[in-house]
Amino acid sequence: MGKNIKILICAHKDSRLPQHEYFYPIQVGAALTNVRFFSAQDHTGENISGRNPHFCELTAHYWAWKNLKYDIIGLNHYRRFFDFDRSFPSFSPDRSFIDTNSFLKEKYCFPNLEYLLNNYDIILPPKRHYPYNVATQYAISHIVNDLHLLKEIIQETTPGYAGAFNTLMYHSNAYSGYNMFITKRKHFDEYSQWLFSVLFQLEKRVKLSAYPDQARLFG
């Protein structure tokens, strides 16, 4: 089964990474530089590599959607990985930290992903909780008008998701972040089709900020 599983590790700089047959390191934003450090880059095939400053790790996601054909697809970052070894995950913080040397000394192990994904649609990071709803958390850190535009686009183009969007953004105080996931190809295709159709519409309407952090809004 291992040959039909690929977990992308996206990175924008050369990085020391754990080794596993499932891992697939990919350089993001490769169209914007001549430096090469991984054998896979997100500017080959059908891609949006040049939009990496605004789409972040989603350029790797898009590249995988258009160019890889595996039964199970996932995405990690060069400095964020799923931790499957916590003894009491329900009581663990949403994220923990470890220095690189200590992390790389340990053998990285996956559970039986095929078994898990026969029982669940998707594997996500633990939710991060806030003292207020998700929309308020976004407004505190970002440009709130971008969120209003996104809400309008979802209502106009995929109204069936408007209720779920409103529940998450305005009636929940927690979400799974980082665009990290592991799922079967069927769900990956469906999610990617919806995600990029919405984001490409948002891209047409939004005014990008001159501040790099705020200009990463699609990611």
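Every read-out reported here was derived from the displayed coordinates using simple, explicitly stated rules and does not represent laboratory data. Values in this document were obtained by computation on a predicted structure and should not be read as measured data. Cβ sites come from the backbone with ideal geometry, for glycine too, and all protein chains shown count toward neighbours.
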For region 132-182 the mean separation of alpha carbon contacts under 8 Å (6+ apart) over residue count, i.e. relative contact order in percent, is 53
About its Cα centre, what dipole magnitude does region 25-114 give when the only charges are +1 on Lys and Arg Cβ and -1 on Asp and Glu Cβ, stated in debye to the nearest 20? 220
Could you compute the FRET efficiency for Lys105 and Lys13, with r as their C-beta to C-beta distance and R0 at 22 Å, rounded to 0.05? 0.50
Of the DSSP beta bridges with both residues in the chain, give the percent that are antiparallel, rounding to the nearest 5. 45
Could you pull the Rg and Dmax for the chain, using just the Cα atoms, both in Å? 17.7, 50
Ranked list, fewest to most other Cβ atoms within 10 Å of each Cβ, for Cys10, Cys56: Cys56, Cys10
For region 124-219, build the convex hull from the C-alpha positions and give me its volume per residue in Å³. 104
Based on DSSP H assignment, which helices of the chain show an axial Cα extent of at least 27 Å together with a mean Kyte-Doolittle hydropathy greater than or equal to -1.0? 185-205
Cβ density ranking, 10 Å radius, fewest first, applied to Tyr24, Tyr130 yields Tyr130, Tyr24
Which pairs in the list Lys66/Lys105; Lys66/Lys151; Lys3/Lys66; Lys69/Lys105 are over 28 Å apart, alpha-carbon to alpha-carbon? Lys66/Lys105; Lys69/Lys105
MRE, 222 nm, helices only [DSSP H, n ≥ 4, -39500 (n - 2.57), over the chain, to nearest 500]: -10500 deg cm²/dmol
